[in-house]
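Just below is one structure, and these are the notes that go with it.
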Amino acid sequence: MAATLHPRRVDAFGELAGELGLCFGGDYNPEQWPREIWREDAELMVRAGVNLVTVGVFSWARLEPSPGERDFGWLDEVLDLLHAHGIAVDLATPTASPPPWLGILHPETLPVNPDGVRLVAGSRNQFTPASRVYREHAVSIATAMAERYVDHPAVRMWHVGNEFGQIDFGDEAAREFRLWLRERYGTIEALNNAWGTLVWAQRYRDFDEVLPPRRMPYLVNPAQSLDFRRYTSWALQRVFTEQRDAIREAGATQPITTNFMGFEPLTDLWEWAADVDVIADDQYPDHGSATASSDIALVQDLMRSLGGGRPWALMEQAVSATSWRPHNLPKSADRARLDSLQAVARGADAICFFQWRQARTGAERFHSALLPHAGADTEVFASACALGADLQKLRPVVGGRVAASVGVLFDWPSWWAAEEPGRPTERLRTLEQVQRWHRALWRRGIAVDLVKPGADLSAYAAVLVPHSYIVETDAAAALRAAVQRGASLVVGPFSGVADAHAGILTGRSPVLLRDLVGVSGEEWVGLPDAPTRVAAESAWTTAPAVAEASVLGERLRADGAEVLARFEDGHLAGAPAITRHRVGEGTAWYLGAVLSDAALAAVLDDALDAAGVTGVVPDRVLPEDVEGIRRGDALFLLNHGEGTRHVTVPGPHRDLLSDADVDGQATLAPGAAMVLIERHAE
Ligand code: GLA
């Protein structure tokens, strides 16, 4: 369903960043302020080094105060003013929030929740992606904007809607879901078979009887739920592509994008990725969490991977506190700088914020902004200016690529299906496992790409499958080919369990992978709260002192694989817990349980050693809390910790940020960052 990316568009963002350098700025909402303030805004933007702002995101009520009555005068003035100050504009279609009149005139445009309650205007995002009327109004305003501004010199990028992630269970959604199902299945018999509707007497006589998974007396059919998620992502994507196409039809040659939300569960970003000209993402790490820095690194790796390695745009982040958490911790200036540099390190060529000027009114009045309520005479604004200056020093990294030799399998349908209720344990969470495995590599300074199942894996020396509940034939074949030619493969528990319709694959598991991993299983069980001991066999020469399992285990039998460790006690006592199988030129590890961090790290180290994967530092050992990643010719070192850290960096380097020479050892104060270039490479 994803349209082919027009080749002309592939480098459009690259061209922009090539011209502007790293883009720096944020959401600018002049419609919320009297026009007397606009000039001050533009002047302060120039002072801060802002070169790109996103305009118009929530301006529909101002652009179209009544149906069909358009007022573009204010926007003309804003775009001219920004252009006169040398600031480029990412012009947004205002369609994330229709004005109240749309829902009043056309109540069917409003979304309905699973309990049948229709949501109303007064907040934002009150639309259903299913509604033809909403979509027509959205395309109409997008077309009018595009026709008016396609040649405006300030407009260098287009931004459709905002943070697609709306879900609707109402009659409009039911209609569109049925059409989508007809297209997917052809006949109602095919749907009944795929969904297994003879369980609990769910058999449908006609597509017209099928509903979105609204509130039900008990658990929903997991196949119905999975398809409704697929449909929802598709319906949202259609809202995006309709407006994108309207902008293109008006003659736009600028890159067109929308802002993703990382691992957002309502959008299958592998499906979306080819439809945007540049991957853009909003990132609000919770620094109250001890794993925030590695978790956000994972999101950044996903964004780079979605774009096939091309630079991406950090479209929104907070300069200090958010206002939507129950308790909002501020960011220090160092933290805000480090977050931004981390995104650059992992492939971003745009560092933007929500928002430029802090709102005085409305629900987000306490959300931080580059220009706070207190004005320009503030530490926050000073730090924004300092960040702008830092980013200008990083021009040499623009366009640079991150080369990753490890691929981690992840996809949305597998995640969705894995987390439907009614499974051995609700404690096994796909994203949590991906984060744990990724964190082990992050700590070792090893760059990782996220990979869609079925994709070509030839670029990777090691492939990791932390938890892929659904594994289809093409994905299994790609994994096999990778191992055959010499890659290390590590497969985590409860992988390869189900087919594309969330139906369990019968036979010893993992059905499509068991020959490859040389081990097979017959039951999945929740493990007790107290960790289960895992005893290393002599073959596991690098076993940690203590290896434990928890959450979920499998009853395995070795069918050709070496057993590296067995469960020591409990229901699975004596059964293999970790195995290794040589196939072709490579090796496949299988983990029959969720392993403790030390045991998981030991297996991953073995697999990385076998594949010859090195990190950015010798021995893959970075000091605690230090992130290291190479982008193009630059080595980024970021100290996320509280103490001073030293990193060995052989050879003469220069730090682009401080302009200091670094010879042999980099010393990083808490919260400090370096971007090192080899001196002879300059
Ligand atoms: C999102 C939205 C913005 C704003 C910020 C606040 O990213 O896109 O409009 O609400 O969150 O954190």
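Of all residues in region 588-619, those being surrounded by fewer than 18 Cβ atoms within 10 Å (Cβ to Cβ) and in a helix (DSSP H, G or I) number 6.
Within 16 Å of the ligand (Cβ to nearest atom), surrounded by 21 or more Cβ atoms within 10 Å (Cβ to Cβ) and modelled with pLDDT of 95 or more: is that true of I296 in this structure? The answer is yes for I296. Here A61 fulfils each of the conditions (1) within 16 Å of the ligand (Cβ to nearest atom); (2) open to solvent by less than 10 Å² (accessible area, probe 1.4 Å); (3) assigned to a helix (DSSP H, G or I) apart from (2). Find all pairs meeting these conditions: Cβ atoms under 9 angstrom apart; at least six residues apart or on different chains; first residue within region 541-567 and closer than 22 Å to D609 by Cβ and assigned by TED's automatic domain parsing to the domain that holds R514; second residue among the polar types (S, T, N, Q) and open to solvent by 10 Å² or more (accessible area, probe 1.4 Å). Hits for this filter: P544/S596; V546/S596; A547/S596. If you check R182 against the conditions, is it open to solvent by 10 Å² or more (accessible area, probe 1.4 Å), in contact (Cβ under 8 Å) with a residue 24 or more places away in the chain and either of a type in the set (D, E) or away from the ligand (no atom under 16 Å from the Cβ) (or both)? The answer is yes for R182. Among the residues of this structure, R346 counts as one that is surrounded by 14 or more Cβ atoms within 10 Å (Cβ to Cβ), under 24 Å from R156 (Cβ atoms) and assigned by TED's automatic domain parsing to the domain that holds S305. Restricted to region 396-491, the set of helices (runs of 4 or more DSSP H) holding at least 1 residues that are of a type in the set (V, I, T) and surrounded by fewer than 19 Cβ atoms within 10 Å (Cβ to Cβ) comprises 473-484. Restricting attention to region 571-586, the residues that are under 19 Å from S520 (Cβ atoms) and crowded, with 23+ Cβ neighbours inside 10 Å add up to 6. Just so you know, in region 654-673 the residues that are more than 14 Å from V616 (Cα to Cα) and open to solvent by less than 20 Å² (accessible area, probe 1.4 Å) include one that is farthest from the chain's Cα centre (by Cα), and it is V662. Within region 299-317, can you find the residues that are within 14 Å of the ligand (Cβ to nearest atom) and in contact with a helix residue (DSSP H, G or I) (Cβ under 9 Å, 6 or more places away or on another chain)? Hits for region 299-317 are A313, L314, Q317.
Restricted to region 492-516, and to residues there that are outside any loop (DSSP other than H, G, I, E, B) and closer than 22 Å to P576 by Cβ, the residue that is most open to solvent (accessible area, probe 1.4 Å) is D515. Looking only at region 200-219, how many residues end up being open to solvent by 90 Å² or more (accessible area, probe 1.4 Å) and part of a helix (DSSP H, G or I)? Residues flagged as open to solvent by 90 Å² or more (accessible area, probe 1.4 Å) and part of a helix (DSSP H, G or I) within region 200-219 amount to 3. Among the residues of region 246-259, is any among the acidic types (D, E), away from the ligand (no atom under 16 Å from the Cβ) and either farther than 19 Å from D90 by Cα or open to solvent by less than 10 Å² (accessible area, probe 1.4 Å) (or both)? No, the conditions are met nowhere in region 246-259. If you go through region 318-363 and pick out every residue that is closer than 19 Å to L635 by Cα, under 18 Å from the mean Cα position of the chain (by Cα) and either away from the ligand (no atom under 16 Å from the Cβ) or among the small types (G, A, S) (or both), you end up with 11.
Is it true that some residue in region 100-122 is in the same structural domain as F72 (by TED's automatic domain parsing), within 16 Å of the ligand (Cβ to nearest atom) and open to solvent by 10 Å² or more (accessible area, probe 1.4 Å)? The answer is yes; a qualifying residue exists. Taking region 277-293 as the range and being out of contact with any Pro (no Cβ under 8 Å at 6 or more places or on another chain) and within 16 Å of the ligand (Cβ to nearest atom) as the test, the residues that pass are I279, A280, D281, D282, Q283, Y284, P285, D286, H287, G288.
The residue of region 623-653 that is most open to solvent (accessible area, probe 1.4 Å), among those that are under 14 Å from V344 (Cβ atoms) and of a type in the set (K, R), is R630.
The values are calculated or read from the model by the stated rules, or taken from the named source; none is laboratory data. Being a predicted model, the structure only gives us computed values, none of them experimental. We place every Cβ from the backbone using ideal geometry, glycine too, and count neighbours over all the protein chains shown. Each accessible area value is taken on the protein alone, full model and side chains, heavy atoms only, with ligands, DNA and RNA left out. Shrake-Rupley method; radii C 1.70, N 1.55, O 1.52, S 1.80 Å.
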